[in-house]
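Visitor: Could you have a look at this structure, given as structure tokens, before my questions?
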Amino acid sequence: MSRGIFITMEGPDGSGKTTQIERLSEYLKENGYDVIITREPGGTRISEKIRDIILNKDYTEMDPMTELMLYASARAQLVNELIGPGLEAGKAVISDRFVDSSVVYQGIARGLGIETVYSVNSHAIGKYMPNVTFLLDLPAEEGIRRKKKQAELDRMERESLDFHRKVAEGYRELSSRDPKRIQKIDATLPIDEICDIIKDKVKSIIE
Ligand code: TYD
């Protein structure tokens, strides 16, 4: 085990992860942690370039396997450049999405299968799995409604309602399979209430 703490935030598009990450970061800093906040796909110079390719709304012909491998490539760079070294140095690393996103979006919603996702990603993540993952659970319709307020939707956000329903359902399935690591939280609760649930859980881990 590495010395730091690795926390990931998951959930459908529009579930409010960013706000919660900022609050959690403040809490960890108050408790003496050096905090690294990152996001997937992205978080390093190279991974952000890969992100531009993955999310480009013009690349509608992208093959699901290409998509899976691009996410995994961005992840390999992020793990080796930022997450791994941060954890080894005893820092708290909070990532907006990690491998669970690939399991749900590519494995379940795209239908590539969970085994395939893990076998490709094992090379990208090595020994690093989150200590705890918060799933901000939101009905697909509500997530889309929230996202549509933004200027322009990316390639993934343009997917059908059916796809987004599979994502929301896939996340629920994942958390019920591994409830110890993946904490499901109702994302329609008030922001402060969600924040308190997250802090309580993190407190129990760092104490
Ligand atoms: P982003 O704008 O970061 O979405 P959000 O604000 O909802 O987190 O875009 C990331 C998109 O990529 C999002 O639709 C989820 C998707 N995704 C995958 O399909 N597989 C993955 O492995 C990851 C990390 C993200």
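The values are calculated or read from the model by the stated rules, or taken from the named source; none is laboratory data. Just so it is clear, the structure is predicted and the values come from calculations on it, not from any experiment. Here Cβ is always computed from backbone atoms with ideal geometry, including for glycine, and neighbour counts include all displayed protein chains. Areas reflect the complete protein model, heavy atoms only, side chains present, ligands, DNA and RNA absent. Shrake-Rupley method; radii C 1.70, N 1.55, O 1.52, S 1.80 Å.
Visitor: Please enumerate the residues belonging to the stretch 5-24 that are buried (at least 20 other Cβ atoms within 10 Å of the Cβ) and either under 16 Å from Gly84 (Cα atoms) or not charged (D, E, K, R) (or both).
Guide: Passing the criteria: Ile5, Phe6, Ile7, Thr8, Met9, Gly11, Pro12, Gly14, Ser15, Gln20, Ile21, Leu24.
Visitor: Quick check on my filter: what residues within the stretch 29-54 are more than 22 Å from Arg3 (Cα to Cα) and among the small types (Gly, Ala, Ser)?
Guide: Passing the criteria: Gly42, Ser47.
Visitor: Any residue at all in the stretch 128-151 that is over 17 Å from the mean Cα position of the chain (by Cα) and modelled with pLDDT of 95 or more?
Guide: No, every residue in the stretch 128-151 fails to be over 17 Å from the mean Cα position of the chain (by Cα) and modelled with pLDDT of 95 or more.
Visitor: For the stretch 77-174, list the helices (runs of 4 or more DSSP H) that sit wholly inside it and hold at least 3 residues that are open to solvent by 10 Å² or more (accessible area, probe 1.4 Å) and on the phi < 0 side of the Ramachandran plot; which are they?
Guide: Per the criteria, 114-125, 140-147.
Visitor: May I pose another question? Has the stretch 25-46 got at least one residue that is assigned to a helix (DSSP H, G or I), open to solvent by less than 80 Å² (accessible area, probe 1.4 Å) and within 11 Å of the ligand (Cβ to nearest atom)?
Guide: No; the residues of the stretch 25-46 include none that is assigned to a helix (DSSP H, G or I), open to solvent by less than 80 Å² (accessible area, probe 1.4 Å) and within 11 Å of the ligand (Cβ to nearest atom).
Visitor: Name the pairs whose Cβ atoms lie under 7 Å apart, with the first residue in the stretch 20-48 and without any contact (Cβ under 8 Å) to a residue 12 or more places away in the chain, the second open to solvent by 30 Å² or more (accessible area, probe 1.4 Å), and 6 or more positions between them or separate chains?
Guide: Lys29/Val35
Visitor: Only one of (1) touching a residue at least 12 places away in the same chain (Cβ under 8 Å); (2) part of a loop (DSSP other than H, G, I, E, B); (3) open to solvent by 90 Å² or more (accessible area, probe 1.4 Å) is not met by Glu61, so which one is it?
Guide: Among (1) touching a residue at least 12 places away in the same chain (Cβ under 8 Å); (2) part of a loop (DSSP other than H, G, I, E, B); (3) open to solvent by 90 Å² or more (accessible area, probe 1.4 Å), the lone unmet condition for Glu61 is (1).
Visitor: Out of the residues in the stretch 1-24 meeting the condition of being assigned to a helix (DSSP H, G or I) and within 16 Å of the ligand (Cβ to nearest atom), tell me which one is nearest to the chain's Cα centre (by Cα).
Guide: Lys17
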